[in-house]
2 protein chains.
Amino acid sequence: MNELAIPPESVAEDEQPKTLAEAAYRQLRRDIIEGLHRPGDKLRVEHLKDQYEVGAGTLREALQLLVTDALVVAQGQRGFRVAPISLDDFEDITRTRVLLETSALQQSIELGDDAWEANVVASFHLLSRAEDKLGDGGKCSREEWEQRNRAFHEVLISACPSRWIRHFQNILYHQSERYRRLSLFRQPIPRDVHAEHQAIVDAALARNTAEATRILTDHIMRTLEAVKRLPDELINR
Amino acid sequence: MNELAIPPESVAEDEQPKTLAEAAYRQLRRDIIEGLHRPGDKLRVEHLKDQYEVGAGTLREALQLLVTDALVVAQGQRGFRVAPISLDDFEDITRTRVLLETSALQQSIELGDDAWEANVVASFHLLSRAEDKLGDGGKCSREEWEQRNRAFHEVLISACPSRWIRHFQNILYHQSERYRRLSLFRQPIPRDVHAEHQAIVDAALARNTAEATRILTDHIMRTLEAVKRLPDELINR
DNA sequence: ATAGACGAAAATCTCGAGAAAAAGTATTGA
DNA sequence: TCAATACTTTTTCTCGAGATTTTCGTCTAT
């Protein structure tokens, strides 16, 4: 297991919530990323406390946690809102992700041991299977694909010793997940995503840093291009 | 002014607090960075609410805000602690800062206009003056020098259009401020810090990106070396 | 003497109500 | 008809008390 008591991990992902506030936080986060609460929407505590079945103060705390992830913005004395989205913001997110994730991958390739390699292969396999089942007709939810895609990218950089890079990367991944949902909702996962993942794995295991980071960059940037092609009204609301 | 309503800025720095929770948050942050609450210390709500003269729920909220800055860690059902410090952590912070800040400086040099140049020169001047007064015998508080040093570094990268990089950089700066206090408390500001700042300004205004980023990197890394030379008991507690 | 378990004390988490602020609505005057 | 003002409603912010959980000291048994 991971040693705890070290700051830069907002909340451990897999463990189950130990407090009502944290439970509400996770539900809210999912609902925001899924688009149930839309960008720019006002989040009224009085309404939401019933919906999520917690007290006002507790829900407030959950909202505060979401501010940490920059999925919610708090404005002085005027309550909370779902963080707005924009093309400029997504471009920023994407470029920053590239900066952090390539650096992390570079270190991961340099430092990763056998166990890391095994994890990379394993998570890639899980992701591939999810893609198969997804194309096969709803044998596998997109929820599950997202989960495995996330796991794959996380494992790739797991050998990077910098907790801070991983922490920031984590935040940015959640952010971009909101945008990716928009694009995946329209066009199902294109075929070449699998090929890109495969290429990254190959390069990483061959310890070919330059090649691996190059492909990863293209891979991330491609999502940006996909979102750019979306109709305006999906983004500017 | 800056347009608000955009997420990645935890709380606007200069404006005055609009809520009790935010006021408590700022006091607490200052006290943590100053070392009044020491790394690893438990932050008991029941005690602190009297000290900061707010209700329990309000103080709780202030603590939650500090979690965003990673100056405080919240552990499940076991309350809050001041984020611990370690040499490894500071090394991580420093390297990540270099990664982000050089990238930001690079873009700043590329995109900065006349107003940016003017701000760079101005903030450098203010910083230099603070250094003079500081060496001159306490005409100027170290508090003020910190403030201006911070402003200088912020202005340097202010022409970088990426809000996310600036946001992360902001967090890391606060973090490293804690460590820098440790080293500055012992040895007052060394003479060559001024020269380094001067060199950065010169290279930046000459639009010499390679040179500017190189000096900035050395500049940031030097603080790491200084902290590494500190006695162990200052860091590991 | 060490390990484990029981019980008391402290701290955290949670809730609902009251005070302060913002937003919305209606009224009045030009 | 429009603008400004006063009032009402909604929402946020703040506080203190009760329910759970953790923590710490003590006691017993091996």
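The values are calculated or read from the model by the stated rules, or taken from the named source; none is laboratory data. For clarity, every value in this text was computed on a predicted model and none was experimentally measured. Backbone-built Cβ (ideal geometry, glycine too); neighbour counts: all protein chains shown.
Is it true that B:D192 is loosely packed, with under 15 Cβ neighbours inside 10 Å and at pLDDT below 95?
Considered against the rule, which asks whether it is loosely packed, with under 15 Cβ neighbours inside 10 Å and at pLDDT below 95, B:D192 comes out as yes.
Keeping to segment B:27-49, report how many residues are hydrophobic (A, V, I, L, M, F, W, C) and within 13 Å of DNA strand C (Cβ to nearest atom). Let's see the steps before the verdict.
Narrowing segment B:27-49 to residues hydrophobic (A, V, I, L, M, F, W, C): B:28, B:32-33, B:36, B:43, B:45, B:48.
Going one step further and asking which of them are within 13 Å of DNA strand C (Cβ to nearest atom), we end up with B:43, B:45, B:48.
Adding up the residues that qualify gives 3.
Looking only at segment B:78-96, count every residue that is crowded, with 19+ Cβ neighbours inside 10 Å, assigned to a helix (DSSP H, G or I) and more than 9 Å from chain A (Cβ to nearest Cβ) and tell me the total.
Selection size over segment B:78-96: 2.
Kindly provide the set of residues from segment A:35-49 that are more than 20 Å from B:L20 (Cα to Cα), assigned to a helix (DSSP H, G or I) and hydrophobic (A, V, I, L, M, F, W, C), ordered by number.
Hit for segment A:35-49 is A:L48, nothing else.
Just give me the residues in segment B:60-75 being facing chain A (nearest Cβ under 7 Å) and in contact with a Pro (Cβ under 9 Å, 6 or more places away or on another chain), in sequence order.
Result: B:V67, B:A70, B:V73.
When residues of segment B:161-175 are filtered for being more than 7 Å from chain A (Cβ to nearest Cβ), buried (at least 21 other Cβ atoms within 10 Å of the Cβ) and without any contact (Cβ under 8 Å) to a residue 60 or more places away in the chain, how many remain?
Count: 0.
List every residue pair whose Cβ atoms sit under 6 Å apart, with the two residues 6 or more apart in sequence or on different chains, where the first one lies in segment A:5-27 and is within 7 Å of chain B (Cβ to nearest Cβ) and the second, anywhere, is modelled with pLDDT of 90 or more and not in a loop (DSSP other than H, G, I, E, B).
These pairs meet every condition: A:P7/B:V73; A:P8/A:R163; A:P8/A:W164; A:P8/A:H167.
Output yes when any residue across segment A:88-96 is of a type in the set (K, R) and closer than 30 Å to A:P39 by Cα, and no when none is. First the steps, then the outcome.
Kept after step one, since they are of a type in the set (K, R), are these residues of segment A:88-96: A:95.
Still in the running and closer than 30 Å to A:P39 by Cα: A:95.
Looking through segment A:88-96, at least one residue is of a type in the set (K, R) and closer than 30 Å to A:P39 by Cα.
For segment B:50-57, state whether one or more residues are part of a helix (DSSP H, G or I), within 10 Å of chain A (Cβ to nearest Cβ) and near DNA strand C (Cβ under 8 Å from one of its atoms).
In the first step, residues of segment B:50-57 are kept if they are part of a helix (DSSP H, G or I); the result is B:50-51, B:56-57.
This time we only want the ones that are within 10 Å of chain A (Cβ to nearest Cβ), so: B:56-57.
Checking which are near DNA strand C (Cβ under 8 Å from one of its atoms) leaves us with B:56-57.
The answer is yes, given that some residue of segment B:50-57 is part of a helix (DSSP H, G or I), within 10 Å of chain A (Cβ to nearest Cβ) and near DNA strand C (Cβ under 8 Å from one of its atoms).
Being within 18 Å of B:H167 (Cβ to Cβ) and either touching a Ser or Thr at 6+ places or on another chain (Cβ under 9 Å) or among the basic types (K, R) (or both) is the requirement here; does B:E101 meet it?
Numbers: within 18 Å of B:H167 (Cβ to Cβ): yes; either touching a Ser or Thr at 6+ places or on another chain (Cβ under 9 Å) or among the basic types (K, R) (or both): yes.
The answer is yes for B:E101.
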